[in-house]
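Data first, discussion second: the structure below is written as structure tokens.
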Amino acid sequence: MATIQSVIEDVKDSVQDSAHRLEGRAAIEASKAFVKQQKKMSVLLADQQKDLKDIRQELQKVRKQRSSGGGFPWTLVLLVGGAYALYRSNAGIRDQIDGLLGKVDPGVKGNLARAGDAVKDAASDVMDGKSPVDAAKRVGGELQRAGEKALDGVKGTAADLKQDAQAKAKDLKDDAQGANKQN
């Protein structure tokens, strides 16, 4: 018959093993949740990249019209002005964009701030009767750089999380094998 001391040791070992397994599972679940969030951010950034590509193509069309004696790029001016007005007038959209900006790299935030300044410059150019094409080019460039930086950050974080999850899984496997050898 086992002594009370050995029973206590067995219970203690069992509790410690359970704690290690639960800790590992919690880490894996937290990693999964973070990966899901990063995946959503990646999709959002990919959509923004697509939008930037569309804007770039529109800008090229405007450039061709302009060089061939085409008219003033009113579509681009309206697009930029509408986006800026929506940001300024809709608190929900502004909060959502500011919330997303708070989560991204400060370098991205700087690019987006410079893009906002370029939008203001484009509006000033229109008001002064000048062509906003140069300012619009700066907006597109800054937005593209911001998207690229954010996408690179997301990819790096996802790779780090994958490595952490693999390490935790290996630790769990090693713990389980150690527990089986003791029994």
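The values are calculated or read from the model by the stated rules, or taken from the named source; none is laboratory data. Because the structure is predicted, anything quoted here is derived from the model rather than measured. Every residue, glycine among them, receives a Cβ derived from its backbone with ideal geometry; neighbour counts consider all protein chains shown. Accessible surface areas use protein heavy atoms only, side chains included; no ligands, DNA or RNA. Shrake-Rupley method; radii C 1.70, N 1.55, O 1.52, S 1.80 Å.
Residue-by-condition table, conditions (1) within 23 Å of S42 (Cβ to Cβ); (2) open to solvent by less than 70 Å² (accessible area, probe 1.4 Å):
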| residue | (1), (2) |
| --- | --- |
| A123 | no, yes |
| V126 | no, yes |
| S131 | no, yes |
| A136 | no, yes |
| Q144 | yes, yes |
| E148 | yes, no |
| L161 | yes, yes |
| D164 | yes, no |
| K168 | yes, no |
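Among the candidates L161, L143, single out the residue that is assigned to a helix (DSSP H, G or I) and more than 23 Å from R56 (Cα to Cα). Steps first, answer last, please.
Details: L143 fails: more than 23 Å from R56 (Cα to Cα).
The conditions single out L161.
Would you confirm whether or not region 37-44 contains a residue that is farther than 21 Å from L112 by Cα, assigned to a helix (DSSP H, G or I) and open to solvent by 70 Å² or more (accessible area, probe 1.4 Å)?
Scanning region 37-44, I find at least one residue that is farther than 21 Å from L112 by Cα, assigned to a helix (DSSP H, G or I) and open to solvent by 70 Å² or more (accessible area, probe 1.4 Å), so the answer is yes.
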